1. Is there any pair with a first residue in region 24-41 that is on the phi > 0 side of the Ramachandran plot and a second that is at pLDDT 95 or above and of a type in the set (D, E, K, R) whose Cβ atoms are under 6 Å apart and which are 6 or more apart or on different chains, and what are they?
2. Return the only residue of V144, V203, V170 being within 21 Å of A75 (Cα to Cα), free of Cβ contacts under 8 Å to residues at least 40 places away in the same chain and in contact with a helix residue (DSSP H, G or I) (Cβ under 6 Å, 6 or more places away or on another chain).
3. Inspect all residues belonging to region 92-103 and state whether any of them is surrounded by fewer than 22 Cβ atoms within 10 Å (Cβ to Cβ), part of a strand (DSSP E or B) and in contact with a Leu (Cβ under 6 Å, 6 or more places away or on another chain).
4. Residue check: is G149 in contact with a strand residue (DSSP E or B) (Cβ under 9 Å, 6 or more places away or on another chain), more than 16 Å from S194 (Cα to Cα) and not in a strand (DSSP E or B)?
5. Which of the following residues is among the hydrophobic types (A, V, I, L, M, F, W, C), in a loop (DSSP other than H, G, I, E, B) and either out of contact with any Lys or Arg (no Cβ under 6 Å at 6 or more places or on another chain) or assigned by TED's automatic domain parsing to the domain that holds A95 (or both): A160, A134, A119?
6. Go through region 54-70 and give me each residue that's of a type in the set (D, E) and crowded, with 17+ Cβ neighbours inside 10 Å.
7. Those residues that are in contact (Cβ under 8 Å) with a residue 40 or more places away in the chain and not aliphatic (A, V, I, L, M), I need them from region 148-162; list them, please.
Amino acid sequence: MLPAASCLGAWGTISPLMDRSAPISQTDPAAWTGAANAARRVGRRIEHHASIGSTNDRAREVLRQPGSDGLAIVADLQTAGRGRRGRSWLSPPGANLMVSVPLRTRLDPHAAGLLGIAAALAVRDACASVAPEAGLAIRWPNDVVAPDGAKVAGLLLETALEDGWLVEGVIGIGINANWRRAEMPAEIAARATSLTEMVGTSVDRVALLGTLLGALDREITALEAGYSPVARFRALSWLDGRRVELDLGGTLVEGRVGGIGDDGSLLLDGPDGRTAYTVGEVVRVLDAATAGAVA
């Protein structure tokens, strides 16, 4: 079974301003098949839901069924979506792209720690295909952000290990596609943005999904072949040089980000020198130009 404790990425908490009983503005269900590609492993088939509890839960449910490896499970509405540290995954009906992909693989202990980075690169590339001039970056461990740190997309990664090897995984992805800041609850709008906000037009979610699945397929194929995504991640790292506060699960540490380690860890320079952190959550950026909570 996949342990929920291995999740990475989130959006935030459920707001009372979000009316989940509102009609779902969904794309024609048949249209989603346009994002499938029989020549790919990831996204060879699409499973669409107008409404579902959680696409990640559905991916976990089908993971060991024949033909489920690389299946893309997409929904217009999640009623029980979740994110990092037990937060709820917040998205209005039919506005954004929410998809989960179950994987059966065998990644050695080093490569296993890079799956989230590889997936984040795929998400960033898909977003950049819509907003190429937006200057999108990645905030460790796997959030796609605008230059000001506003969140555009996030991941929820759940994995299962055997003797240190990653053998199963579910990659859950949420991209703010057509959610304008003016429509977001104030607490979300203060730290998030969307692709439609950046480009000024509505985003074709089916086309975005097709691009995302193609990028994810390439990243996973490369990772399984032994290629590291770290160099490309470093080139897009938003946190480098910024002073941050890192939550290690009840313990807060502060330091300046010195880069990304070869294993995908966050390198933090503090009073006692440089420390590599493979887990944790950046809860505050302390630089004067970007002060405030951004996680």
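The values are calculated or read from the model by the stated rules, or taken from the named source; none is laboratory data. Note that the structure is predicted; figures quoted are calculated from it, not measured. Neighbour counts are summed over all protein chains in view; Cβ atoms, including those assigned to glycine, are modelled from backbone coordinates with ideal geometry.
1. Every condition considered, no pair remains.
2. After ruling out the rest, the residue left standing is V144.
3. Here is the first cut: in region 92-103, the residues surrounded by fewer than 22 Cβ atoms within 10 Å (Cβ to Cβ) are 92-94.
From what's left, part of a strand (DSSP E or B): none.
Scanning region 92-103, I find no residue that is surrounded by fewer than 22 Cβ atoms within 10 Å (Cβ to Cβ), part of a strand (DSSP E or B) and in contact with a Leu (Cβ under 6 Å, 6 or more places away or on another chain), so the answer is no.
4. Answer is no for this residue.
5. A134
6. Let us first name the residues in region 54-70 that are of a type in the set (D, E), namely 57, 61, 69.
Scanning region 54-70 gives D57, D69.
7. D148, G149, K151, G154, E158, T159
Rundown of residues vs (1) surrounded by fewer than 13 Cβ atoms within 10 Å (Cβ to Cβ); (2) assigned to a loop (DSSP other than H, G, I, E, B); (3) of a type in the set (S, T, N, Q); (4) assigned by TED's automatic domain parsing to the domain that holds R139, yes/no style:
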| site | (1), (2), (3), (4) |
| --- | --- |
| T196 | no, no, yes, yes |
| V203 | no, yes, no, yes |
| G210 | no, no, no, yes |
| D217 | no, no, no, yes |
| I220 | no, no, no, yes |
| Y227 | no, yes, no, yes |
| G255 | no, no, no, no |
| D263 | no, yes, no, no |
| R274 | no, no, no, no |
